[in-house]
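Sharing a structure with you now.
The values are calculated or read from the model by the stated rules, or taken from the named source; none is laboratory data. Quick caveat: nothing in here was measured; it's all calculated off a predicted structure. Here Cβ is always computed from backbone atoms with ideal geometry, including for glycine, and neighbour counts include all displayed protein chains.
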């Protein structure tokens, strides 16, 4: 019986390794009842200008916004946000999602936040970006949306 378990475990490991080499578009979403399988992804980049330096130096706030944006897009975080704070107070934060990501880079001295959202669908990407816009209240937003994959 132990030999059978090892063989089954080895098969699972091999199958998992093979998934790493499949195109992203061939993988089914984790929660297929909520999402239609996408053959492409939506990538939004946005410059949020005219933000006070206080929120842009707040690593806790910005990492919380990543989690809120993932929830708004209907995606599952794959752990906690990865956050780096520069000596001058600029924050870079990244949240890996399944199979996407949300990130923000703040430039407090310029009142600027650079947001990057990659999701399965355009509606989810727009909802994720909206979380940042509503909470940070920039005076100007410049964004670009592209279909990827």
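If a residue counts only when it is touching a helix residue (DSSP H, G or I) at 6+ places or on another chain (Cβ under 7 Å), closer than 22 Å to residue 117 by Cβ and modelled with pLDDT of 85 or more, which helices (runs of 4 or more DSSP H) contained entirely in the range 1-105 have at least 1 such residues?
Ranges flagged: 53-56, 59-73.
On to the next question. Name the single residue that is farthest from residue 69 (Cα to Cα) among those in the range 106-120 being out of contact with any helix residue (DSSP H, G or I) (no Cβ under 8 Å at 6 or more places or on another chain) and in a strand (DSSP E or B).
114
In this structure, is residue 141 assigned to a strand (DSSP E or B), in contact (Cβ under 8 Å) with a residue 24 or more places away in the chain and touching a helix residue (DSSP H, G or I) at 6+ places or on another chain (Cβ under 8 Å)?
yes
OK, next. Condition (residue is part of a loop (DSSP other than H, G, I, E, B) and farther than 13 Å from residue 68 by Cα) applied to the range 121-130: is it met by at least one residue?
Yes.
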